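In what follows, a single structure is set out as structure tokens and then discussed.
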Amino acid sequence: MIDKMIELIKSEMQPSLGCTEPVAIGLAVSRTCQYLQKPATKLEMHISSNIFKNAYSVTIPNAGKPGIQLACALGFLLSKPDNTMEIFSSVTSELVKEAEKLVEDGFVEIHIISSSQFYIEVYALNDKEKAHTITVDKHDNLVKVEKDGAVLLDNIKQTNQEQTVASFDITKYTFEDFIRIAETVEIEKLQFIKEAVEMNLHISEVGMKQKYALGIGPALNGMMINKKLSNDLVTTVKSVVSAACDFRMSGGNGSVMTFLGSGNQGLEATLPIAVTAKYLNLSEEKMLRAEMLGLMITIYIKYHVGRLSPICGATLSGAGSSAGITWLLGGSKEAICGAVQNMLGCLAGMLCDGAKGGCALKLSTSAGEAVYSALYALDNSIIQPTDGIISQNVEDTVKNVATLSLEGMAEVDMKIIDIMMHKK
């Protein structure tokens, strides 16, 4: 079971340059255009509302500006074999100008599908050819390819967001199982987590050097230096996490280790635990075991709620971090479960209104609350099952959050998109 769990976590980690939704759009276009002998003269895109929401406002890496149509045009111009989620590393100012001209000339047509599923469908056409692809559930999960009506690939029936590696279904396990795995796994098997932590810490260090996006990270750090805020664990965690988010949301030219398809979730799932361990001078082994616990719990929550959702993913990955921090500090199973209950009871209502610079505020809040929720739980201050969506068992609370997101908030994304497109 441990090896399958590790395989699952590894499968949900991937480096990405920039916000993953515009990157996924560019990658899907790039892949589609590979099937044409001549350059495309028209792109027709069908994307789910959650993809649209998350790609609408965020800055494209090296482009210095946002734009879904721009991401599509850049994907076309950068089309070549073996592109990855770091496709926009090759963007130049000249390429941006060329892409903007394509957009201005009506090269890209966008259609929004009201769905929280991860779904990107691309039609690339010229006067003689037509290529068609579908990417679902994961940012680089190409499941269907057609060329001039001939099916070249069709894995749609084999893909499902809830499927796991080798039929390993993490949702069937409990928090007690996750704690046992984290405490008994051979530490040598967790070196891949160390690499992810180091990558994300590096981006935070870059983001701390100057003001990117809102500059929340360096602002918090400066307030600690100037003694406007105390130099404590909570503020340190908030500053480190938000600095990394500042940089990537500004389109910074540097990759982070994503988790479950999201760079911000990768930051929120890894950095609060790593910063806590360093702040308290705890061993690398303890840090890696805590990271393992947090990652398992984050997957468990996200596989219930959905890869994309109306609820901010930082709050959910922050719940995983809170569990890891609680374990780091010697918390019992009851305290670990209580920390997650505290997080879900506090922040589960935070909306995702798309990727943008302001995400650093949400990541900062979730990171700080991850520490607070852990400390509350260690003090036996745990939200009660009589409160709102909280159940007696944390696993049931996760299911309640999933119901709230999937059923109660089903129309939220389209309303957010309407506001985004028509606000004054």
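How far, in degrees from 0 to 90, does helix 191-208 lean away from the longest principal axis of the Cα atoms of the chain, to the nearest 10?
Value to nearest ten degrees: 80.
To check my understanding: the extent here is largest minus smallest coordinate of the Cα atoms along each principal axis. What are those three numbers for region 216-359, in Å, largest first?
The Cα atoms of region 216-359 stretch 38, 35, 27 Å along their principal axes.
If amide hydrogens are placed 1.01 Å from N in the peptide plane, which non-local residues have theirs closer than 5 Å to the one on GLU86?
For GLU86, whose amide H was placed from the backbone, the distant partners under 5 Å are LEU17.
Quick one: Cα convex hull volume of region 278-424, Å³ per residue?
Working: hull volume 16.6 nm³, N = 147.
Each residue corresponds to 113 Å³ of Cα convex hull volume.
Can you quote the Å³ per residue value for the convex hull of the Cα atoms in region 183-253, rounded to an integer?
Expressed per residue, the convex hull around the Cα atoms of region 183-253 is 98 Å³.
Roughly to the nearest percent, how much of the accessible area of region 302-378 is carbon and sulfur, given a 1.4 Å probe?
Roughly 60 percent, rounded to a whole number.
Given the chain reduced to its alpha-carbon atoms as identical point scatterers, what log10 I(q)/I(0) does the Debye formula return at q = 0.14 Å⁻¹?
-1.24
Please name which of LEU142, SER239, SER322 has its Cα lying farthest along the dipole of the chain towards the positive end, using unit charges on Cβ (Lys, Arg +1; Asp, Glu -1) and the Cα centre as origin.
SER239
At what distance in angstrom do the alpha carbon centres of region 234-252 and region 315-339 lie from each other?
22
When the helices in the chain are scored as -39500 (n - 2.57) per DSSP H run of 4 or longer and the sum is shared across all residues, what 222 nm value do you end up with, to the nearest 500 deg cm²/dmol?
The per-residue figure over the chain is -16500 deg cm²/dmol.
Can you work out the PRE-style zone for GLU411? Point 7 Å along Cα to Cβ, and I want the residues of region 52-89 with backbone N under 13 Å.
Answer for this model: none.
Can you give the angle from 0 to 90° between the axis of helix 359-378 and the longest principal axis of the chain, with both taken from C-alpha atoms, to the nearest 10?
Taking the Cα atoms of the chain, the angle to 359-378 is about 20 degrees.
Using a 1.4 angstrom probe on heavy atoms only, work out the carbon and sulfur share of the accessible area of region 156-291 in %.
Numbers: 3000 of 6030 Å².
Of all accessible area on region 156-291, carbon and sulfur atoms account for 50 percent.
Quick one: dipole size for region 1-71, taken about the Cα centre, charges +1 on Lys/Arg Cβ and -1 on Asp/Glu Cβ, in debye to the nearest 20.
On the way: 7 positive and 5 negative charges, 59 e Å.
Using only the charged Cβ atoms, the result is roughly 280 debye.
Calculate the tail of P(r) for region 96-207: the fraction of all Cα-Cα distances greater than 24 Å, expressed in %.
When all Cα pairs of region 96-207 are counted, 58 percent exceed 24 Å.
Of LYS130/LYS302; LYS53/LYS128; LYS53/LYS147; LYS38/LYS97, which ones are farther than 26 Å apart at the Cα?
From LYS130/LYS302; LYS53/LYS128; LYS53/LYS147; LYS38/LYS97, over 26 Å: LYS130/LYS302; LYS53/LYS128; LYS53/LYS147.
Taking only the alpha carbons of region 377-421, what extent do you get along each of the three principal axes, in Å, biggest first?
46, 20, 15
Can you work out the accessible area per residue across the chain, with the rest of the protein chains kept in place, probe 1.4 Å, in square angstrom?
Accessible area per residue, the chain: 40 Å².
For region 95-141, what does the equivalent ellipsoid look like in terms of its semi-axes, each the square root of 5 times an eigenvalue of the Cα gyration tensor, given largest first in whole Å? If you can, show how the numbers build up before the last one.
Values: eigenvalues 107, 45, 25 Å².
Square roots of five times the eigenvalues give 23, 15, 11 Å.
Give the Kirkwood hydrodynamic radius (Å, one decimal) of region 1-123, defined as one over the mean of 1/r across all pairs of different Cα atoms.
14.9
For region 8-58, with equal point scatterers placed on the C-alpha atoms only and solvent neglected, what are the log10 I(q)/I(0) values from the Debye formula at q = 0.19, 0.31, 0.32 1/Å, to two decimals?
For region 8-58, the Cα-only Debye profile gives -0.80, -1.17, -1.19.
Expressed as a whole percentage, what fraction of the accessible surface of region 380-424 belongs to carbon and sulfur atoms when a 1.4 Å probe is rolled over the protein heavy atoms?
Whole-percent figure for carbon plus sulfur exposure: 52.
Run through every distinct alpha carbon pair of region 149-289 and return the Kirkwood hydrodynamic radius in angstroms, one decimal place. Present the calculation step by step, with values, prior to reporting the outcome.
Numbers: mean 1/r = 0.0576 Å⁻¹.
With all distinct Cα pairs of region 149-289 included, I get 17.4 Å.
So which aspartates and glutamates pass the test for LYS10, namely a Cα distance under 17 Å, with those fewer than 8 places away in the same chain ruled out?
Partners within reach: ASP137, ASP140, GLU162, ASP169, GLU186, GLU188, GLU195, GLU198, GLU268, GLU291.
Can you tell me the orientation of helix 20-33 relative to the chain, as the angle in degrees between its alpha-carbon axis and the longest Cα principal axis, to the nearest 10?
Tilt relative to the chain: about 30 degrees.
In region 178-291, how many lysine pairs have Cα atoms under 22 Å apart, counting only pairs 8 or more places apart or on different chains?
The number of close lysine pairs in region 178-291 is 18.
Which of PRO15, MET45, MET5 sits closest to the plus end of the dipole of region 1-66, meaning its Cα is farthest towards the positive end, when Lys and Arg get +1 and Asp and Glu get -1 on the C-beta?
MET45
Compute, for region 168-239, the length of the dipole vector about the Cα centre, with Cβ point charges of +1 (Lys, Arg) and -1 (Asp, Glu) only. Units Debye, rounded to 20.
With Lys and Arg at +1 and Asp and Glu at -1, about 620 debye.
The values are calculated or read from the model by the stated rules, or taken from the named source; none is laboratory data. Bear in mind that the values here come from a model prediction, so they are computed numbers and not experimental data. With ideal geometry, Cβ positions are generated from the backbone for all residues, glycine too; neighbour counts draw on all protein chains shown. The accessibility values were calculated without ligands, DNA or RNA, using every heavy atom of the protein model including side chains. Shrake-Rupley method; radii C 1.70, N 1.55, O 1.52, S 1.80 Å.
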